[in-house]
Amino acid sequence: MPGGFRPKLNICHMYPDLLNLYGDRGNIMAFSRRCLWRGIQVEVHPVSIGDKVAFSRMDFVFLGGGSDREQNLMAADLMERTGDLREAIEDGLAVLAICGGYQLLGKYYRTITGEVIPGLGILDLYTEGGQKRLIGNVAVEVELGGARQKITGFENHSGRTYLGNLEPLGDVLAGHGNNGEDGKEGARYKNVICSYLHGPILPKNPFITDHLISRALERRYREAFLEPLDDSLEEAANRVMLKRLLG
Ligand code: GLN
C-alpha cells in the first residue's frame, strides 16, 4: 500500500478442525502470505462449534470441505449463524467456500443415503448426492474482474450441485465441475466465491486469491491497490497441469 498506511485484514477460518480436506488450510496460508508480502497485516481467527464470531468485523471468511459425517457435525452450528453471515455477505464480505462449505451455503444437500443436511439458503442452489463420486483434476475457465484465466484444482465429491438464479464461477474445460452434466463449475454471488476445487485452490491460482484480497480491502478501506508479486512458479505449475489435462 502506498503512503506508509498499513491496512489489516481479519481472516475467519470456519471449522478448521472439521472442514479440512486435501490441504484446504493452504487457502488461509496463501491469502495471508500474499497480504503480508504487500505489507497488509492479517489476523487469523479460527472458529469452531460454539465459538463466537461477528462476521461484520471479518474481512475474509473461509469455509472448507468435509466428509458427509463432518458436514453433519457442524451444519447445525453454522445454521445458527445464518442471519449474521447473510447480512455480511450482502454488505460485500469476501467469502471462499469449497466443496462441503459450498454445498452448505445452498438450500440443502441430500446425501447418497437419503439424509438431508439443511443448508443456510443464502445462495440459490441445492445439492443431490450421486452414487459415483466425481474425482480428479479439473481445469476451469474463469472470468473475474475483466480478466479471463484458466485455473486448476482437484475435486472429490458425491454431491451434484445445481444453480438457480446464480452465476457459475466458470466453464469446465476438464473434469466434472458442479454436477458432471452442465459444464459449469462453482458459483459467484457478490464477493462470495464457491467452488468444488480443492488443491488447494488459492495457492494454485493466485489470480483468485488477489481477487478476494482486493474485494476485502475495498469493503474495509474503500480502495485496493495490490502490488504485483512474482508468480512465475505458480504460473509454471499451472501450465504443466493445463498441458496434462487439455493436451
Ligand atoms: N461430502 C461432500 C460430498 O461428498 C463434500 C466433499 C468435499 O468437501 N470434498 O459431496
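The values are calculated or read from the model by the stated rules, or taken from the named source; none is laboratory data. Keep in mind that this is a model prediction, so the values were computed, not measured. When we count neighbours, we look across all protein chains shown, and the Cβ atoms used for this are built from the backbone with ideal geometry, even at glycine. Note: accessible area is taken over every heavy atom of the protein model, side chains too, but ligands, DNA and RNA are not part of it. Shrake-Rupley method; radii C 1.70, N 1.55, O 1.52, S 1.80 Å.
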The number of residues in segment 69-106 that are touching an Asp or Glu at 6+ places or on another chain (Cβ under 8 Å) and touching a residue at least 60 places away in the same chain (Cβ under 8 Å) is 6
Exactly one of Gly199, Gly177, Gly145 is closer than 23 Å to Leu123 by Cα and modelled with pLDDT under 95, and that one is Gly145
Given the conditions (1) in a loop (DSSP other than H, G, I, E, B); (2) within 13 Å of the ligand (Cβ to nearest atom); (3) at positive phi; (4) of a type outside the set (A, V, I, L, M), every one holds for Gly39 apart from (2)
Filtering segment 24-46 for residues that are modelled with pLDDT under 95 and open to solvent by 50 Å² or more (accessible area, probe 1.4 Å) leaves a count of 0
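When you scan segment 46-130 for helices (runs of 4 or more DSSP H) that lie fully inside it, which ones turn up with 1 or more residues that are under 18 Å from the mean Cα position of the chain (by Cα) and within 16 Å of the ligand (Cβ to nearest atom)?
Working: elements: 68-79, 82-90, 100-105.
By residue number, 68-79, 100-105.
Within the group Gly23, Gly114, Gly66, which residue is within 19 Å of His157 (Cα to Cα) and in contact with a Phe, Trp or Tyr (Cβ under 8 Å, 6 or more places away or on another chain)? Let's see the steps before the verdict.
Working: Gly23 fails: in contact with a Phe, Trp or Tyr (Cβ under 8 Å, 6 or more places away or on another chain); Gly114 fails: in contact with a Phe, Trp or Tyr (Cβ under 8 Å, 6 or more places away or on another chain).
Residue meeting the stated conditions: Gly66.
Could you tell me whether any residue of segment 14-23 is open to solvent by less than 10 Å² (accessible area, probe 1.4 Å) and in a strand (DSSP E or B)?
Pass one, segment 14-23, residues open to solvent by less than 10 Å² (accessible area, probe 1.4 Å): 14-15, 19.
Those still in the list that are in a strand (DSSP E or B) too: 14.
The answer is yes, given that some residue of segment 14-23 is open to solvent by less than 10 Å² (accessible area, probe 1.4 Å) and in a strand (DSSP E or B).
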Residue pairs within 9 Å by beta carbon, gap of at least six or interchain, first lying in segment 122-143 and under 30 Å from Gly83 (Cβ atoms), second within 12 Å of the ligand (Cβ to nearest atom) and basic (Lys, Arg), listed first then second, are Tyr126/Arg110; Thr127/Arg110; Thr127/Arg160; Glu128/Arg110; Glu128/Arg160; Gly129/Arg110; Gly129/Arg160
Q) Does at least one position in segment 136-144 carry a residue that is more than 12 Å from the ligand (Cβ to nearest atom), within 21 Å of Glu234 (Cβ to Cβ), touching a His at 6+ places or on another chain (Cβ under 6 Å) and of a type outside the set (Val, Ile, Thr)? A) yes
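Among the candidates Glu218, Glu227, Glu223, Glu185, single out the residue that is under 24 Å from Gly92 (Cα atoms) and surrounded by 24 or more Cβ atoms within 10 Å (Cβ to Cβ). Explain how you work it out, then say what you get.
On the way: Glu218 fails: surrounded by 24 or more Cβ atoms within 10 Å (Cβ to Cβ); Glu227 fails: surrounded by 24 or more Cβ atoms within 10 Å (Cβ to Cβ); Glu223 fails: surrounded by 24 or more Cβ atoms within 10 Å (Cβ to Cβ).
Step by step, each of Glu218, Glu227, Glu223, Glu185 is checked, and only Glu185 is under 24 Å from Gly92 (Cα atoms) and surrounded by 24 or more Cβ atoms within 10 Å (Cβ to Cβ).
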